[in-house]
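Novice: The structure is given below, and queries will be raised subsequently.
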2 protein chains.
Amino acid sequence: MAKQVVPEGARRRRRPTQGGTVLSEEHFVRAALRVLREHGSTGLTARRLGTALGADPSTLYRYFAGMDDLTRAIGDELMGRALDGWEATGDWRVDLRALGLAIHASYLAHPQAAVLTASRVSGRPREIAVDETVLGILRGTGLADPEAVRTYHAFIDQSLAFAALDAGSLALTDQARAEDEAMWQSTYARLPAASHPHIAATAGHLARRMPHSAYPAVLEMLLEHTAARLEHPRERPSAASSPAEPGASFTRRR
Amino acid sequence: MAKQVVPEGARRRRRPTQGGTVLSEEHFVRAALRVLREHGSTGLTARRLGTALGADPSTLYRYFAGMDDLTRAIGDELMGRALDGWEATGDWRVDLRALGLAIHASYLAHPQAAVLTASRVSGRPREIAVDETVLGILRGTGLADPEAVRTYHAFIDQSLAFAALDAGSLALTDQARAEDEAMWQSTYARLPAASHPHIAATAGHLARRMPHSAYPAVLEMLLEHTAARLEHPRERPSAASSPAEPGASFTRRR
DNA sequence: GGGTTAAGGTCAATGGCGTTGGCATAAGGC
DNA sequence: GCCTTATGCCAACGCCATTGACCTTAACCC
């Protein structure tokens, strides 16, 4: 049993749980975000989800094919919230910057959920909507399609990759964070200048800079690079398109 | 019991397991890489590790504080291998490019292990060695310390973030990969031009570009940006240093 | 509004997991 | 060759995801 999952649109009978609530995919996703925030990125379990919803853990399987399926739904929710909190102005650079920061912020608003989902492609509607939007902005600049696609690729992967990385730091439990910071104090800050001259010389700058995300900086690099391509389409061939570029040929499945 | 872990350097008595092998941290890390490759990024368990080493699962706790501690050791191993396969030429741009690609390649050589470790800071010696090396290259260009640290930050986070993201695609099991590709076919490729004109118009380019990593392209952007800063230190203030830059202020713990 | 049907909630069970306390034993210092 | 203790092994605990069987009741038809 419990093998067939009825898609959300086709649901009709809504039977309340023992606790009295009427379930839905939406309920599960929202409960999952709460559980994740409370119990950490590894603390999302069917049992806890059941408790949070006042339902039996196995009820999950009436709505999702498994924990993995639920995970993808959570990712799509975060992506959708990013797009909801964004509006087009018509200026490609402003729009792309705002959208990138919105994606990054949306994931970081739920760090534990972000860790779980940011490196996965859901293929769900709200993720596709973001892809369509980014491609639209880039093609609207007048970039040729191959160039627009290359830039889209760099933009979306960079946004998700940094969302995942930065979320990892925020998602640490208090205890793990204490250990992390203790490690920083006990190792990096104490390295002798003799063996590690460069770290020792910049320890102050490192301590100030490292607790922040590098995403805004690299996003600006991408925008600058794209702007330069628009101004001088031929003079500065894109790094991504240079056939001499090393290491570009290995395959990623996605 | 099993609470005190003797550090590797202090070990003296080496008692063989029932299988006859003599254990060490190194043995555990290598066995973990094998288990991960064979059973996927979620397939690393104490029991399997025991089987792989011909030892009891609980033996792990004589060498590591827990699975988490082992995970950090695995990450440090990957970082160390990256540095081992790299040599300085004295040309900062060549060296930084080679080191970035070496880190990326080292993680992608063990995708399942990379998924587990790439977004974590180990604080172990070989990771610190990479940090020292990168800072040395950048300070050697003549960049001022704050600028060198900013660039180091962007470089190392970008490298790790893309390592994690790209590894995620490579680490999928055959079945999960089949599902992923089926999804690509069943959704993106079939989106009607009416609702998703930009995806529809670029479907061919997307299919060609997306299976590759965007890391080499964004690495070139960073190198280009840094070169421009060296040529015109005042004319083009770094995006990362611009006080007007939006969204740069939220905190990451690291 | 009564009958039928199956969606969807619950229960119990399975086999896996990390981790720990107690115990046995062999390595190494003397 | 004795003593200490590091280190390996065993059994057990309380979690976990997932499933098959059961049962309740909402929704639809007339």
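Novice: With a Förster radius of 22 Å, plug the Cβ-Cβ distance of A:Arg47 and A:Glu25 into 1/(1 + (r/R0)^6) and report the FRET value to the nearest 0.05. Don't jump to the answer; show the numbers that get you there.
Specialist: Numbers: r = 19 Å, r/R0 = 0.87.
The pair A:Arg47/A:Glu25 has a calculated efficiency of 0.70.
Novice: Moving on to the next point. Which FRET efficiency value, to the nearest 0.05, is calculated for A:Arg208 and B:Asp84 with the Förster distance at 30 angstrom and r the Cβ-Cβ distance? Don't jump to the answer; show the numbers that get you there.
Specialist: Values: r = 31 Å, r/R0 = 1.04.
With R0 = 30 Å, the Cβ-Cβ based efficiency is 0.45.
Novice: Per residue in segment B:103-128, which ones lose no less than 30 Å² of accessible surface when going from chain alone to all protein chains (1.4 Å probe)?
Specialist: Buried by 30 Å² or more upon assembly, which counts only protein chains, are B:Ser119, B:Val121, B:Gly123, B:Ile128.
Novice: Tell me the total accessible area that B and A bury against each other, 1.4 angstrom probe, in square angstrom rounded to 100. Display every interim value, and only then the final one.
Specialist: Working: alone 15540 and 15590 Å², together 23680 Å².
It comes to approximately 7500 Å² buried between B and A.
Novice: Please calculate how many Å² of accessible area segment A:32-81 carries per residue, with a 1.4 Å probe and no DNA, RNA or ligand atoms counted.
Specialist: Numbers: 2220 Å² over 50 residues.
That works out to 44 Å² for each residue.
Novice: Among A:147-154, A:87-94, how do they line up by average Cβ neighbours within 10 Å per residue, starting with the highest?
Specialist: So the peptides A:147-154, A:87-94, ranked by packing, come out A:147-154, A:87-94.
Novice: Could you check how much of the accessible area of segment B:34-124 is carbon and sulfur, as a whole percent, using a 1.4 Å probe?
Specialist: Working: 1840 of 3840 Å².
Carbon and sulfur together cover 48 percent of it.
Novice: Distances from A:Pro125 to the same position in the other copies: list them in nm, one decimal, shortest first, using label points 7 Å from Cα along Cα→Cβ.
Specialist: Once sorted, the set of distances for A:Pro125 reads 5.7 nm.
Novice: If you don't mind, there's one more thing I want to ask. What nm value, rounded to one decimal, do you get for the distance between B:Ala189 and A:Ala201 when each label is placed 7 Å out toward the C-beta?
Specialist: 5.4
Novice: Let me ask something else about it. In segment B:22-48, whose amide N lies under 19 Å from the spot 7 Å out along Cα-to-Cβ of B:Asp68? List them in ranges.
Specialist: B:42-47
The values are calculated or read from the model by the stated rules, or taken from the named source; none is laboratory data. Keep in mind the model is a prediction, meaning the values are calculated, not measured. Glycine gets a Cβ as well: all are built from the backbone with ideal geometry, and neighbour counts include every protein chain shown. For the accessible areas, the whole protein counts, side chains as well, though only heavy atoms, and no ligand, DNA or RNA atoms are used. Shrake-Rupley method; radii C 1.70, N 1.55, O 1.52, S 1.80 Å.
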